[in-house]
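Chemist: I have a structure I would like to understand better, so I am pasting it below and will then ask my questions one at a time.
Coordinate-derived values only; no laboratory data. Fair warning: this is a prediction, and the values are worked out from it, not measured in the lab. Cβ: placed from backbone, ideal geometry, glycine included. Neighbour counts: every protein chain shown.
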Amino acid sequence: MWHCDRVSWSLLCWCQVRHLTYDLYFLAPLAILAVCFFSLRYHEPELCSLKMIVTIDGPAGAGKSCAARGLAKRLGFSFLDTGALYRAVTLAGKRRGVNWLDAEALAEVAAAAEIRLTDDRVFLDGEDVTDEIRALEITTLTRHTADNRQVRERLSALQRELAAGRNVVTEGRDQATEVFPDAECKIFLTAADEVRAQRRYEDLRARGEQVTLAEVLEKQQARDRRDHEREYGGLQKTPDSLEVLTDGLTPEEVIDRLEEIVRSRQKRLPVVKTETMSLWYKFVRIWCRLACVFPFPCRVQGQENLPATGPILLLSNHLSHLDTIAIATASPRRLRALARESLFVGPFAWLIRSLGAIPVGSAGATLSSLRATFRHLENGTAMLIFAEGSRSEDGELAELQPGFTILARKKNPVVVPMAVAGTFEAWPRHRWLPRPGRMAVVFGKPIPTDNLGEISDEAFGGVVAERLAECHAAAKRLRG
Ligand code: DC
């Protein structure tokens, strides 16, 4: 009897535990879903520090590259080696056998060269030239590119483009004076002539170059003179730059000192509102990603071009209903998109609403949609706008509707051009249901908007159209 009781009691317990397990399997996802959904109510824009540009200028051999690279790493910023750009153009000129005294020809070389920088590599027309541009011959020849006004203008524009909307440590000669006069933190790094020459000498010897210290010192003095006397972009210490002397300091000590300066500046920076992803948004995004892996594999490029903080105006081409899903799952920032009013009445209306879409009339943006978009940009949202207004008829880029210029002018967001490819093939306008297919999303470099006050809507629209076409071509290539 006693034995029988024990057996039935154990069985009962086992059944209860099994039940509980089944309940948990069933209830846990529901609970997660509920928490994610209700998180919407309490989700507020975050307050983050404004993006920061740190310029490090100074004479050759002051240890700028090493210090700037180390500092960027410690701060989690991007590093921009502007000297490498001048060197890369010089290498391109040498390869094309350019006449160094022909300023026009050199400017053409600079315009044609495709230079790409990562934090530690330099690419010229797709080839890694990181070591080649450091050769003594290139160092000596670089004065021709550095003295050329057109080359300087082209490379300064490229530097602003590379830094737009990002936290950056940049080093060179003219960063605080010409390229980023409004930088949040400016440092002038220098050292005694002999110390600089000794460093450069050791550096060259380590790379197997046959030089003497006296030669290096002599060349350095000539370069210093040229850097100071250069008509455009000459080396100067601005009154708002902080001078740091690196004599007798180890590279680590220099980086410590610079980090201390930047962090104290950072504390005084204004904060900027940034709308981040709510739990619900993350939940839906992950599910969309998983659901799309097999039917719609998507390649993504240029996510680093989206600033981590502040308002963004993402201007895209529009091919299909799948675009918003492809872009939102590819974007590292939470997006809000404008959507046709008719979508807000169907079975998915609540979902579209919960993800923060903004309704627009069939004839285009209404006053209320414009107001909502303004409000979201003020809250630091990344707004996705399909610049053509409606889906493409043939998969190609149509004429842009100029409505986005008012958003760019009034709320001063970072304007990022982008494009999708492959969504038209998967689900074009005229088909009822999608079919599987490859896709690609490319986020382009932000379009500088500092000069927006001086140019017309048409001119700005022209720049956007050009950049969108570039992104679309890149997306098609990426899709393969
Ligand atoms: O920093 P570096 O030695 O890599 O620079 C190479 C050359 O480019 C040097 O002669 C100065 C020039 N330069 C310039 O004129 N302006 C810059 N912003 C960076 C470098």
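Chemist: Of Lys51/Lys476; Lys237/Lys445; Lys73/Lys411; Lys267/Lys445; Lys410/Lys445, which sit over 25 Å apart, Cα to Cα?
Modeler: Distance filter (> 25 Å) returns Lys51/Lys476; Lys237/Lys445; Lys73/Lys411; Lys267/Lys445.
Chemist: Let me check the size of region 274-479 from its C-alpha atoms; what are the radius of gyration and Dmax in Å?
Modeler: Computed over the Cα atoms of region 274-479, radius of gyration and Dmax are 15.9, 48 Å.
Chemist: Starting from the Cα coordinates of region 53-271, work out the convex hull volume and express it per residue in Å³.
Modeler: Convex hull volume per residue, Cα atoms: 120 Å³.
Chemist: Cα convex hull of the chain: how many Å³ per residue?
Modeler: Taking the convex hull of the Cα positions in the chain, it is 232 Å³ per residue.
Chemist: Shifting gears a bit: Using r as the Cβ-Cβ distance of His430 and Ser368, and R0 as 30 Å, what FRET efficiency do you calculate, to the nearest 0.05?
Modeler: Step by step, r from the Cβ atoms, then E = 0.45.
Chemist: By average Cβ neighbour count within 10 Å, what is the ranking of 87-96, 340-349, 176-185, 108-117 from highest down?
Modeler: Put in order of decreasing packing, that is 87-96, 176-185, 108-117, 340-349.
Chemist: Measure nothing but the geometry: give the 0 to 90° angle between the long axis through the Cα atoms of 193-206 and the longest principal axis through the Cα atoms of the chain, rounded to 10°.
Modeler: 70 degrees
Chemist: Dipole of the chain (Lys/Arg Cβ +1, Asp/Glu Cβ -1, origin at the Cα centre): which of Met439, Phe294, Val109 lies farthest to the positive side?
Modeler: About the Cα centre, the residue reaching furthest to the positive side is Phe294.
Chemist: Another question, if that's okay. Just report the Cα centroid separation between region 191-264 and region 368-409, whole Å.
Modeler: Rounded to whole Å, the Cα centres lie 47 Å apart.
Chemist: Please report, in debye to the nearest 20, how large the charge dipole of the chain is about its Cα centre when each Lys and Arg carries +1 at its beta carbon and each Asp and Glu carries -1 there.
Modeler: 1880 debye
Chemist: At a Förster distance of 35 Å, what's the computed FRET efficiency of Arg268 paired with Gln150, Cβ-Cβ distance as r, to 0.05?
Modeler: Working from the Cβ atoms, E equals 0.40.
Chemist: Let me ask you something else. Mind putting a number on the dipole of region 53-271 about its Cα centre? Charges go on the C-beta only, +1 for Lys and Arg and -1 for Asp and Glu, and I need it in Debye to the nearest 20.
Modeler: Charge dipole, region 53-271, about its Cα centre: 320 debye, nearest 20.
Chemist: Taking other Cβ within 10 Å of each residue's Cβ, how do Leu290, Leu433 sort, fewest first?
Modeler: Result, fewest neighbours first: Leu433, Leu290.
Chemist: Cα axis of helix 2-39 to longest principal axis of the chain: angle in degrees, 0 to 90, nearest 10?
Modeler: For helix 2-39, the angle is close to 50 degrees.
Chemist: Now for a separate question. In the P(r) worked out for region 141-241, what percent of Cα pairs fall beyond 19 Å?
Modeler: The proportion of pairs with Cα distances above 19 Å equals 53 percent.
Chemist: Efficiency by 1/(1 + (r/R0)^6): what FRET value for Ser390 and Ala105, r their Cβ-Cβ distance, R0 = 56 Å, to the nearest 0.05?
Modeler: E(calc), rounded to 0.05, equals 0.75.
Chemist: So, with +1 on the Cβ of K and R and -1 on the Cβ of D and E, and no other charges, what is the size of the charge dipole of region 274-479 about its Cα centre, to the nearest 20 debye?
Modeler: 880 debye
Chemist: Using Cα centres only, tell me the gap between region 293-349 and region 53-72 in whole Å.
Modeler: 38 Å
Chemist: Please compute the contact order of region 398-480 in relative form: average sequence separation of alpha-carbon pairs under 8 Å and at least six residues apart, divided by the residue count, as a percent.
Modeler: 39 percent
Chemist: In degrees between 0 and 90, to the nearest 10, how far off the longest principal axis of the chain does helix 103-112 point, with axes built from Cα atoms?
Modeler: 20 degrees
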